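First up is the structure itself, then whatever we jot down about it.
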Amino acid sequence: MLIEQACESFKTLLCQQLERVNNYKAQHVDYTTKEVVTIGIIDGDGIGPIIMEAAKRVLYELVKDEINSGKIVIKVIDGLTIENRLALNEPVPKSVLEEIKSCDVLLKGPTTTPMGGKMESANVTLRRELDLYANVRPVQIPQEGIDWIFYRENTEGEYVLGSRGIELPGLAMDFKVTTDFGTKRIARAAFEYAKNNGKNRVSIVTKANIMKKTDGKFTAVCHEVAKDYPDIEVDDWYIDIMTANLVNPAIRNQFQVVLLPNLYGDIITDEAAQIQGGVGTAGSANIGDRYAMFEAIHGSAPRMIQEGLGDYANPASILKALVLLLQHICRPAAAERLLKAMDSCRVAVTGDRDGATCKEYADALISLI
Ligand code: IPM
Ligand code: MG
């Protein structure tokens, strides 16, 4: 009986997944011609409101002329707090999602994900609802010649059904989903990036020796897409050795664009960010055809709040995300001004009382912009 029920649920999942890919309709946005760009701002939880306050001030400073002329509209969206989500029992409350969908792009602070239980992560819901299929995370260490960019598939893999696994007494089963459609579009995004940015190598990372169906498909489809880019060298790695490669100084600066499924991308981008200087230092872009969401790579740091260190949170990651947002909406000059100011700002935030506060850093940065 239990097995029959589980089979029924599995059937529903299969149908829904096929429907998802079969009903897709692309809606592209061209930011070079779009007259008004609406940027939604979401504070998030924990250290979110603190680092977002800095990010908001910097954003206003960078685009104040366009805000005044109405070309850029900033919309502050409340209600995506963990308290509100738990009270309503919705990972992204309906009214919040509606507001989000009235924007073009979002700058979002970290949102807390309850461990266990049934509640889905707000990030995962947003990535799915807005169809943000490319998670793009650049990591650079210029003095070592490291210039990596990770193209992580963001709407499939272990995440898409992560809250919808099956449990029988003594047995739990989760699902991993890979489609031709989902893989093609992330591979296309990675290769297009390489082609347009003078990169000549794309590294595909999976565990296709073990996850034969899903990762096997991912690799095969990526190689199919690669055929359209004969000038770009393609290589395959398994995720375990790739995590070692990133800490191997003899070869790590040879990697350029890294293309990988969802969960491996989640894990390895934290490693990469740590190598760059900490998870607080890397920005993250979630890009779809219609919407895009930019966020810090780290979480809401509840421990920092508990220890009374919230004011010392480092806004570098959310500011890097803001750079990515400005590049995405075709404001390269504003993105460049922010990057330059960050490069030359000598105020150090260390995440504890030895360093500057988030606000002190923002004050210094704004004076440099
Ligand atoms: C990230 C985060 C998210 C993820 C969490 C918050 C759901 O770790 O953006 O990397 O696992 O994707
Ligand atoms: Mg992560």
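Give the range 253-295 a look and list any residue that's more than 16 Å from ligand 2 (Cβ to nearest atom) and under 21 Å from T214 (Cβ atoms), or say none. Don't jump to the end; show me each part of the working.
Of the residues in the range 253-295, the ones more than 16 Å from ligand 2 (Cβ to nearest atom) are 253-257, 259, 277, 287-292.
Selection gives L259 alone.
Take the conditions (1) among the β-branched types (V, I, T); (2) more than 10 Å from ligand 1 (Cβ to nearest atom); (3) over 26 Å from V29 (Cβ atoms); I287 misses just one of them, which is (3). For R137, are the conditions met, namely being closer than 30 Å to L339 by Cβ and away from ligand 1 (no atom under 16 Å from the Cβ)? When the stated conditions are applied, R137 does not pass them. Remark: pairs (first residue in the range 60-79, within 11 Å of I42 (Cα to Cα); second residue at pLDDT 95 or above and of a type in the set (D, E); Cβ separation under 7 Å; 6+ apart in sequence or on different chains) = I77/E99. Within the range 115-134, the only residue that satisfies the criterion of being within 16 Å of ligand 2 (Cβ to nearest atom) and surrounded by fewer than 17 Cβ atoms within 10 Å (Cβ to Cβ) is M115. Can you pull out the residues in the range 1-27 that are over 17 Å from R128 (Cα atoms) and either outside any helix (DSSP H, G or I) or assigned by TED's automatic domain parsing to the domain that holds Q327 (or both)? Scanning the range 1-27 gives a single hit, M1. Exactly one residue among F218, F255, F294 is at pLDDT 95 or above and closer than 20 Å to G145 by Cα, and that residue is F255. Which of the residues spanning the range 142-161 are surrounded by fewer than 17 Cβ atoms within 10 Å (Cβ to Cβ) and within 15 Å of ligand 1 (Cβ to nearest atom)? Residues satisfying the conditions do not exist here.
Take I305 and decide whether it is outside any loop (DSSP other than H, G, I, E, B), among the β-branched types (V, I, T), in contact with a strand residue (DSSP E or B) (Cβ under 9 Å, 6 or more places away or on another chain) and in contact (Cβ under 8 Å) with a residue 60 or more places away in the chain. Reasoning before the result, please.
Numbers: outside any loop (DSSP other than H, G, I, E, B): yes; among the β-branched types (V, I, T): yes; in contact with a strand residue (DSSP E or B) (Cβ under 9 Å, 6 or more places away or on another chain): no; in contact (Cβ under 8 Å) with a residue 60 or more places away in the chain: yes.
No, not satisfied.
Within the set A333, A321, A362, A273, the sole residue that is in contact with a Pro (Cβ under 8 Å, 6 or more places away or on another chain) and not in a loop (DSSP other than H, G, I, E, B) turns out to be A362. Is there a residue in the range 308-325 that is crowded, with 20+ Cβ neighbours inside 10 Å, more than 18 Å from K108 (Cα to Cα) and either within 16 Å of ligand 1 (Cβ to nearest atom) or more than 20 Å from the chain's Cα centre (by Cα) (or both)? Among the residues of the range 308-325, at least one is crowded, with 20+ Cβ neighbours inside 10 Å, more than 18 Å from K108 (Cα to Cα) and either within 16 Å of ligand 1 (Cβ to nearest atom) or more than 20 Å from the chain's Cα centre (by Cα) (or both), which makes the answer yes. Filter the range 277-287 for residues that are at pLDDT 95 or above and surrounded by fewer than 20 Cβ atoms within 10 Å (Cβ to Cβ) and give the result. Once the filter is applied, which keeps residues that are at pLDDT 95 or above and surrounded by fewer than 20 Cβ atoms within 10 Å (Cβ to Cβ), the range 277-287 yields nothing. Kindly establish whether V205 is part of a strand (DSSP E or B), in contact (Cβ under 8 Å) with a residue 40 or more places away in the chain and within 29 Å of D174 (Cα to Cα). In short, yes.
The values are calculated or read from the model by the stated rules, or taken from the named source; none is laboratory data. Keep in mind the model is a prediction, meaning the values are calculated, not measured. Positions of Cβ are backbone-derived with ideal geometry, glycine not excepted, and every protein chain shown enters the neighbour counts.
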